[in-house]
Amino acid sequence: MESLDPLLEKRLAERRDKGLERTLKIARPGLVDFTSNDYLGLSRSPELFESILAHTSSPQPNGSTGSRLLSGNSAAHEALEKKLATIFKSETTLLFAAGYNANLAVLSSLPQRGDTILYDELAHASMKDGARLSLAKRLNFKHNDLHDLEQKLKNAQGQIFIAVESIYSMDGDECPLRELTLLAEKHNAIIILDEAHSTGVMGHNGNGLAVSLGLQDKIGVRIYTFGKAMGIHGACVAGSKRLRNYLINFSRPFIYTTAISHHSVATMACAFDYLQQNMPLQTMLRERIMLYTKSVADLPNRTFSNSAIQTVIFPGNEVVRQVALSLQQKGFDVRPILSPTVPTGTERLRICLHVYNTEEEIARLTHELRTLALSGVMNNG
Ligand SMILES: Cc1ncc(COP(=O)(O)O)c(C=O)c1O
């Protein structure tokens, strides 16, 4: 321990000196939630809680006891995978404990040595980490820039994989999926689409962007996550029977881990049933988003987004930190996103909207944002 701690402290101190030390905080009670990913309010739904309780009350194994390839598989796991395949209009799905694991599983195992992974520069860390584990060459392209992507497609070698998200987690903007599928077709590239922030909030029964545009068959691999709008935890990969079979055979993050528990399986099934019975939640969320975007339409430095993720740029880590603090003191749970998580100069407040944010709360927040914008704080970074 004695020789380890000074080593760790040196690196932590470097971080601290740059003002970038991360610490865990417990959300202060009573603040209005403009930060969580619980867009549809499912994580706090008493009805969903009751439904999960009812479906997990009969005796069942407390844990799954092993990898899916050993003792961890069950009829319940496979039934849920079939149910999700119907929702996501895919031949099959394969369950994962989290979106992070699912992305790691896909990107580390599909692209091989000699292949190329082209990923959007703003793609989630889990896609980038998966790509790092693969032996393929990896290159990023400018965010949502199909021209830059095409230049890179022309020079790419081997089988090309394009990794993108439906809704980007930091800007809340949408991927130009239709145009992307045409480009991928032209260059014989396979699209890997992370639907983390569209699962639940877009499409029939929450089936996301690709299915709502009818593009599911043009996309090789789709990843859906359940820790955001579905209000619970977990993920699945949707695609062909062969894709599922391939991951079962070659994907180490699938093979070498304990299967999700029966409790988690039941929770996932209940969350999708609940959403199916409460589809007006999507409309309620859209109304909240429109209310917010209308009230900030004239605000300088807001990024353009139609999703539940909205941002206002306050350049400079210290500036954005102070802005977030002042809003927290006024009762809003909003968090700053600092560089290097986002590029320097684009440090921002990330504001997430939810069905349970009232009109009055949105009006108060946007009023405060406007006051801050007009006070000139944005230009002092
Ligand atoms: C775009 C995106 N993909 C994947 C993940 C990881 O999903 P999970 O939180 O289920 O591990 C996240 C969540 O942070 C995300 O925003």
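Find the residue count for segment 33-80, including only residues that are more than 14 Å from D273 (Cα to Cα), among the acidic types (D, E) and surrounded by fewer than 19 Cβ atoms within 10 Å (Cβ to Cβ).
Adding up the residues that qualify gives 2.
Quick one: what pairs do we get from segment 292-308, first residue free of Cβ contacts under 8 Å to residues at least 60 places away in the same chain, second outside any loop (DSSP other than H, G, I, E, B), C-beta under 8 Å, 6+ apart or different chains?
Once the first residue is free of Cβ contacts under 8 Å to residues at least 60 places away in the same chain and sits in segment 292-308, its partners that are outside any loop (DSSP other than H, G, I, E, B) give T293/Q310; R302/Q310; R302/T311; R302/V312; R302/I313.
What tally of residues in segment 311-327 results from selecting those that are buried (at least 17 other Cβ atoms within 10 Å of the Cβ) and touching a Gly at 6+ places or on another chain (Cβ under 9 Å)?
Residues of segment 311-327 that are buried (at least 17 other Cβ atoms within 10 Å of the Cβ), as a first pass: 311-317, 319-320, 323-324, 327.
Retained after the next criterion (residues that are touching a Gly at 6+ places or on another chain (Cβ under 9 Å)): 311, 313-317, 319-320.
So the answer is 8.
Is it fair to say L133 is closer than 24 Å to I167 by Cβ, within 16 Å of the ligand (Cβ to nearest atom) and not small (G, A, S)?
Working: closer than 24 Å to I167 by Cβ: no; within 16 Å of the ligand (Cβ to nearest atom): yes; not small (G, A, S): yes.
No.
Residue-by-condition table, conditions (1) without any contact (Cβ under 8 Å) to a residue 24 or more places away in the chain; (2) more than 22 Å from V342 (Cβ to Cβ):
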residue: G114; (1), (2): no, yes
residue: L118; (1), (2): no, no
residue: E121; (1), (2): yes, no
residue: H124; (1), (2): no, no
residue: M127; (1), (2): no, no
residue: K137; (1), (2): yes, yes
residue: N140; (1), (2): yes, no
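Yes/no per residue for (1) part of a helix (DSSP H, G or I); (2) under 22 Å from A271 (Cβ atoms):
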residue	(1), (2)
P61	no, yes
T65	no, no
S71	no, no
E78	yes, yes
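If you scan segment 267-310, which residues turn out to be surrounded by 14 or more Cβ atoms within 10 Å (Cβ to Cβ) and closer than 18 Å to S375 by Cα?
Listed by number, the residues that qualify are S295, V296, L299, N301, R302.
Can you say whether T116 is of a type outside the set (A, V, I, L, M, F, W, C) and either touching a helix residue (DSSP H, G or I) at 6+ places or on another chain (Cβ under 6 Å) or surrounded by fewer than 20 Cβ atoms within 10 Å (Cβ to Cβ) (or both), as far as the supplied structure shows?
On the way: of a type outside the set (A, V, I, L, M, F, W, C): yes; either touching a helix residue (DSSP H, G or I) at 6+ places or on another chain (Cβ under 6 Å) or surrounded by fewer than 20 Cβ atoms within 10 Å (Cβ to Cβ) (or both): no.
No; evaluated as a whole, the condition is false for this residue.
Return the total of residues in segment 137-165 being among the polar types (S, T, N, Q) and within 16 Å of the ligand (Cβ to nearest atom). I'd like the intermediate steps shown before the answer.
So in segment 137-165, the residues among the polar types (S, T, N, Q) come out as 140, 144, 151, 155, 157, 159.
The next check asks that each one be within 16 Å of the ligand (Cβ to nearest atom); those that pass are 140, 144.
The number of residues fulfilling the criteria is 2.
Could you tell me how many of the residues in segment 256-269 are among the hydroxyl-bearing types (S, T, Y) and outside any helix (DSSP H, G or I)?
Number of matching residues: 4.
Could you please find all residues in segment 99-113 being surrounded by 20 or more Cβ atoms within 10 Å (Cβ to Cβ) and more than 16 Å from the ligand (Cβ to nearest atom)?
The answer is S109, L110, P111.
Within segment 196-226, can you find the residues that are among the aliphatic types (A, V, I, L, M) and either surrounded by fewer than 24 Cβ atoms within 10 Å (Cβ to Cβ) or in contact (Cβ under 8 Å) with a residue 60 or more places away in the chain (or both)? Spell out the reasoning first.
Taking segment 196-226 and keeping what is among the aliphatic types (A, V, I, L, M), we get 196, 201-202, 209-211, 213, 215, 219, 221, 223.
Residues satisfying the conditions are A196, V201, M202, V211, L213, L215, V221, I223.
Each reported figure results from applying straightforward, stated rules to the coordinates on display, with no laboratory input. Keep in mind the model is a prediction, meaning the values are calculated, not measured. As a convention, Cβ positions derive from the backbone with ideal geometry for all residues, glycine included, and neighbour counts pool all protein chains shown.
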